[in-house]
1. Please sort 142-150, 61-69 by packing, taking for each peptide the average over its residues of neighbouring beta carbons within 10 angstrom, highest first.
2. Within the set of other residues whose C-beta is less than 11 Å from the C-beta of GLY285, count the net charge using Lys and Arg as +1 and Asp and Glu as -1.
3. Add +1 for every Lys or Arg and -1 for every Asp or Glu among the other residues with Cβ under 11 Å from the Cβ of VAL232, and state the total.
4. How would you rank 90-98, 398-406, highest first, on the average number of other Cβ atoms within 10 Å across their residues?
5. With a sphere of radius 12 Å drawn around the Cβ of SER146, what net charge do the other residues whose Cβ falls strictly inside it have (Lys, Arg +1; Asp, Glu -1)?
6. How big is D for segment 105-171, in µm² s⁻¹ as a whole number, if Stokes-Einstein is applied with the Kirkwood radius of its Cα pairs at 25 °C and 0.890 mPa s?
7. Counting other beta carbons within 10 Å of each Cβ, put THR228, THR15 in order, fewest first.
8. For the charge dipole of the chain, defined by +1 on Lys and Arg C-beta atoms and -1 on Asp and Glu C-beta atoms about the Cα centroid, which residue among PRO279, SER28, VAL199 has the Cα displaced farthest towards the positive pole?
Amino acid sequence: MDRAPGPALAVAGLTVRYGARTALHRLSLDVPRGQFVALVGPNGSGKTTLLRAVLGFVAPAEGSVAVFGRPTGALSALQRAREVAWVPQDESPRDDVRLSDYVLYGRYPYHGPLDAETAVDRAIAEQVLRDVGLDDRAQDGILALSGGERQRAVLARALAQTTPLLLLDEPTSHLDIAHQLDLFARVRGLARDRSVTVVAAIHDLNLAGRFADRLIVLSRGQLFADGTPAEVLSRDLLARVWGISADLRRDPHTGVPYLIPQRLLTAAAAAPGERGGGPVHVVGGGGSASPYLRALADEGYRVTCGAIPLLDSDAETADALSLPTALELPFAPLGPEARARHRALLAEARAIVVGPFPVGPSNLANLEDLEPYAGRVPILLVRYPPIGERDFAAGRAAAAYERLRAGGAREVGSVEEALTALRALGTGALPTTASGAPSAALGSEG
């Protein structure tokens, strides 16, 4: 078939309904030729419906779907089979045909109803069985295969169609981790080496991020995010779309981000940043800030951090949580650039939490830079261990601490106490006095 120039797949304003339920709502996206795209999203987000619309299995209520420049509705079943191969979530063959014959089903679009397979067809079938690691089972009945082997057999049949567009719906659902990696590596190779366009619905975000060129995130039938794995994968994404708290790390070999799920979020915390009108800034070092960073992020606050040394455990926590952070070189005093970054974060803060970090001459500026904000922005000072036990700046740290208390900062004794104080601020503007200046709602406890 002659293919018009343009994307392999073009979806424009697509709406699909099942009775009264809208499965996709005005979805638009293009997939360039040769790209490996992962469709991700919770159950019921519309991933399978989108794939079925591309195949012509469901009719749009609105909008259109085009494959290589031609509307899917204008293609016959035979034409679609030569353009698009399909690997469904689950397929249960009823006849115990030999695996080699099952894979040859993928060659049917290229023959008439009475034509026998050719030597070329057999060579293709043998090759794809090798590609999926089932060449040693070619003469076995397909019902004798395990669930994972059967899933690879379905992939082999799809590959035998030699189409320029391959659609996969949860292709690793029955595979162990080794075969999951193997399958996606092979699919990645098809896109890279043979310019096959791949669109795969994938539940595992980390597998999707590792192998796909692009992630398309669907939520409730609508496009939520679209971009490279580095652009899309974030704690905010998992919180907003899946309602999960997660840590974000980066693969040291590839630099690709990956997520470590931690726990389900409450409805109030599932939308980070919406609890307060602006970020909460945490001052720390030596691991003192980490419990507060995690708790605030899990509560749904936007959080910033600093100034702390690179490689400090607080810096690692901030990086895992994807928090804006003022950093300094390890074992170096806070320099002008780090202090300027720290001051910029302080200027944006709606509240400040000061962790119980050890204070010496090299990081005393962390306390001194807070003084202009005392009485203007709520400041919470974590009192344990007492400042006298962690003042290594010849009393200057204790003096700065007391100036902050005198200026209106409030002491708290724990993470929960800090959260309680911040919750009291509500979601609107900070409480103010009659003159319009911020009040001492979080002032000293006297």
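1. 61-69, 142-150
2. Here the count lands on -2.
3. Here the charged neighbours net out to -2.
4. Order by mean packing, descending: 398-406, 90-98.
5. Values: positive: ARG137, ARG150, ARG152; negative: ASP140, GLU149, ASP176.
In short, 0.
6. 194 µm²/s
7. With the sparsest Cβ surroundings first, the list reads THR228, THR15.
8. SER28
Computed from the coordinates by the stated procedures, all read-outs in this text should not be read as laboratory data. Since we're looking at a predicted model, the values are computed, not measured. Please note: Cβ atoms are built from the backbone with ideal geometry, for glycine as well, and neighbour counts cover all protein chains shown.
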